[in-house]
Amino acid sequence: MKPYKLTTIILFSMIFSQFNDVDVMIDASRIKENDHLIKDIFENLDYEIEKYFTSNNFCSEYGYLDISLKIQFIIENINLSGNNSKISSQVMISNLNDKHYFTGINFEYSRGESLNYNPANLQSLTSFLDYFSFLYVANALDSYGFNLGTDYYNLSLEISDEMRFTNYSRD
């Protein structure tokens, strides 16, 4: 693919993203100081999560929503298995109006891994992020009209129902 085509595709997807300002913080302070190799896993995770929200179109009908997010992951534990890491964390996420707090969030992530949007593929971290993207899109749409966000609330519920029966459910 030619570089100008790739640039055009990236810019096009960013123009129609519903999230404009995403601030992500990864707090790995609970991991022991001498575990610097483990902490290196999170080197770009904040950037990957930010990019996931700002470069994907979660709602093709409405590209003008300009939702801001603040997300904090508090890493509690990391289990290394080969090249993959299973991470347990707490998560606080807010659209600056509503705040959500979760404990026992488990996901797999490897250093340098890209997060790719594919709503048909259940993956622990991206499905968790999709859940909130649809929830906050639905919330924003409901502020424009009665039940305008219902389809996106339903998408969040579908993700929640499907993830209950995966290996990523709370231990």
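Taking segment 106-120 on its own, how many of its residues are modelled with pLDDT of 90 or more and hydrophobic (A, V, I, L, M, F, W, C)?
2
How do the pairs read when you match residues in segment 49-72 that are within 12 Å of Asn139 (Cβ to Cβ) with residues anywhere that are surrounded by fewer than 20 Cβ atoms within 10 Å (Cβ to Cβ), using Cβ under 6 Å and keeping only pairs 6 or more apart or on different chains?
Hits for this filter: Ile67/Asn95; Leu69/Val22; Leu69/Asn95.
If you go through segment 142-151 one residue at a time, do you hit one that is within 16 Å of the chain's Cα centre (by Cα), under 19 Å from Asn20 (Cβ atoms) and either free of Cβ contacts under 8 Å to residues at least 12 places away in the same chain or open to solvent by less than 80 Å² (accessible area, probe 1.4 Å) (or both)?
Checked segment 142-151: no residue is within 16 Å of the chain's Cα centre (by Cα), under 19 Å from Asn20 (Cβ atoms) and either free of Cβ contacts under 8 Å to residues at least 12 places away in the same chain or open to solvent by less than 80 Å² (accessible area, probe 1.4 Å) (or both).
Of all residues being under 20 Å from Tyr47 (Cα atoms) and surrounded by fewer than 18 Cβ atoms within 10 Å (Cβ to Cβ) in segment 63-73, which is farthest from the chain's Cα centre (by Cα)? Just the residue, please.
The residue in question is Asp66.
Name, by its number, the condition in (1) of a type outside the set (Ser, Thr, Tyr); (2) closer than 20 Å to Glu158 by Cα; (3) surrounded by 16 or more Cβ atoms within 10 Å (Cβ to Cβ); (4) touching a residue at least 40 places away in the same chain (Cβ under 8 Å) that does not hold for Gln123.
(4) is the only condition that Gln123 fails.
When segment 1-49 is examined, which residues are found to be at pLDDT below 55, hydrophobic (A, V, I, L, M, F, W, C) and either assigned to a loop (DSSP other than H, G, I, E, B) or over 19 Å from Asn116 (Cα atoms) (or both)?
Met1
Can you tell me how many residues in segment 100-132 are in a helix (DSSP H, G or I), of a type outside the set (A, V, I, L, M) and in contact with a strand residue (DSSP E or B) (Cβ under 7 Å, 6 or more places away or on another chain)?
3
Taking the conditions exactly as written (more than 30 Å from Glu61 (Cα to Cα), open to solvent by less than 80 Å² (accessible area, probe 1.4 Å) and among the small types (Gly, Ala, Ser)), does Ser114 satisfy them or not?
no
In this structure, does Tyr109 turn out to be hydroxyl-bearing (Ser, Thr, Tyr), open to solvent by 60 Å² or more (accessible area, probe 1.4 Å), closer than 22 Å to Tyr47 by Cβ and touching a residue at least 24 places away in the same chain (Cβ under 8 Å)?
no
Can you name the residue in segment 88-104 that is surrounded by 15 or more Cβ atoms within 10 Å (Cβ to Cβ) and in contact (Cβ under 8 Å) with a residue 40 or more places away in the chain and, of all such residues, is farthest from Ile41 (Cα to Cα)?
That would be Asn95.
The values are calculated or read from the model by the stated rules, or taken from the named source; none is laboratory data. If you're wondering where the values come from, they're calculated on a predicted model, not measured in any experiment. Here the Cβ is made from the backbone with ideal geometry for all residues, glycine too, and neighbour counts use every protein chain on show. Just the protein is used for accessible areas: all its heavy atoms, side chains included, with ligands, DNA and RNA removed. Shrake-Rupley method; radii C 1.70, N 1.55, O 1.52, S 1.80 Å.
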